[in-house]
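Notes follow the structure.
What follows draws every value from the coordinates through simple rules; no lab data is involved. These numbers were taken from a predicted model, which means no experiment stands behind them. Glycine gets a Cβ as well: all are built from the backbone with ideal geometry, and neighbour counts include every protein chain shown.
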Amino acid sequence: MLPSHSVIICTHNPRQDYLRRTLEGLRAQTFPRDRWELLLIDNASSEQLAGQWDLSWHPSSRHVREEELGLTAARIRGIREARGEMLVFVDDDNLLASDFLEKLESIAARYSYLGVIGPGNVQPEFEIQPPAGISRLANENEGVVPFLALRSATSPAWSNNAKDRSLIPWGAGLCATRELSEQYLTLISRLNINATLGRRGNQLLCAEDDLFSWASVQIGKGFGVFPELRVTHLIPARRVAPGYFVRLIQG
């Protein structure tokens with residue numbers, strides 16, 4: 001029997017303590033394991049991850065190596081490898097609430113007209129508190145929340161207008177239907193977007209999260225965020241360092 005969900009972790013030279021917690025969060029899911037699969041996409045890490053991370057606790061798990069560096073390339077590989085009808089993209093610094101997949105199953109059934117579903121509750125766990133100067137800089141650039149991929153929705157909200165940017169799901173816990181994922185691949189190929197957008201190693205240019213919602217609109221579907229889908233975003237000290245934050249805002 002094919003899985004209903006495919007959980008896809010795209011990672012490049014992951015921080016081990018963070019990836020361990022990401023996997024622990026998945027291991028704690030209340031959704032039956034025989035109904036979802038787990039793919040760990042090793043995106044050209046310096047040392048191959050297959051020999052370092054034991055996924056045998058999950059009966060339907062696989063290591064996949066993608067040599068082309070870049071988040072978009074890793075996601076494309078994940079989509080092509082996945083067998084589920086709902087694809088769940090999890091970053092290597094995300095901790096999903098234990099009922100995430102269970103809640104997603106219910107939401108997807110009730111909102112079949114959405115191609116992309118995202119968590120409405122993404123809270124930070126800072127390794128160190130952001131310096132005061134960072135908060136001031138963030139406030140001058142429409143707030144810290146978008147730049148650290150945080151969200152605090154109080155009620156479900158969705159749209160089929162690509163201009164409704166406040167409702168576009170971000171990468172942490174982004175969920176896409178199989179139909180939408182195929183349209184995403186078509187959009188990437190037609191526009192050659194992989195050559196211009198997306199994180200590559202230490203480069204910070206990124207807009208690929210938006211493409212899922214744009215593709216959803218193209219096939220007559222919508223996108224939305226739901227507060228019952230909860231994610232903790234693990235944020236290392238370097239991501240609130242002034243230099244990094246300036247690059248993120250400018251890039």
J(HN,Hα) series, region 64-77, from Karplus relation 6.51 cos²θ - 1.76 cosθ + 1.60, nearest Hz, glycine and proline x: 10, 9, 10, 7, 6, 6, x, 4, 4, 4, 5, 5, 4, 4
Furthest towards positive pole of dipole, 84, 71, 94, structure part region 38-113, Cβ charges: 84
Amide H contacts of residue 120 (H built 1.01 Å from N, under 5 Å, at least 5 apart or other chain): 226, 228, 229
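Assuming a ≥ b ≥ c are the square roots of the Cα gyration tensor eigenvalues, decide whether region 1-144 counts as rounded (a/c under 1.5), prolate (otherwise, with a/b larger than b/c) or oblate. Walk me through the intermediate numbers first.
Numbers: a/c = 1.73, a/b = 1.25, b/c = 1.38.
Oblate, since a/c reaches 1.5 and b/c is not below a/b.
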Cβ-based exposure ranking for 36, 53, in which fewest neighbours within 10 Å come first: 53, 36
Additional length obtainable on full extension of the chain from residue 155 to residue 192, 0.36 nm per residue less Cα span: 9.7 nm
In sequence order, calculated HN-Hα J values of region 223-232 (Karplus, 6.51, -1.76, 1.60; Hz; x Gly/Pro): 9, x, 10, 9, x, 6, 8, 10, 9, 9
Amide H within-cut-off set for residue 157, under 5 Å, with H built and near neighbours excluded: 225
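Which of the peptides 54-66, 160-172, 117-129 is most tightly packed, and how do the rest follow, judged by the mean count of other Cβ atoms within 10 Å per residue? Spell out each step's value before the answer.
Working: 54-66: 14.9, 160-172: 17.3, 117-129: 19.0.
Output ranking for 54-66, 160-172, 117-129: 117-129, 160-172, 54-66.
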Around residue 128: net Lys/Arg minus Asp/Glu count, Cβ-Cβ under 12 Å: 0
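Length gain on complete extension for the stretch residue 68 to residue 241, per 0.36 nm per residue less the alpha carbon to alpha carbon distance?
On the way: separation 173, 0.36 × 173 = 62.28 nm, distance 2.83 nm.
Gain on extension, residue 68 to residue 241, equals 59.4 nm.
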For region 1-34 versus region 103-118, the gap between their alpha-carbon centres in whole angstrom: 19 Å
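Highest mean first, what order results for 74-87, 222-235 on Cβ atoms within 10 Å?
Details: 74-87: 20.4, 222-235: 22.0.
The most tightly packed comes first, giving 222-235, 74-87.
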Region 1-86 shape via C-alpha gyration tensor axes, a/c threshold 1.5: oblate
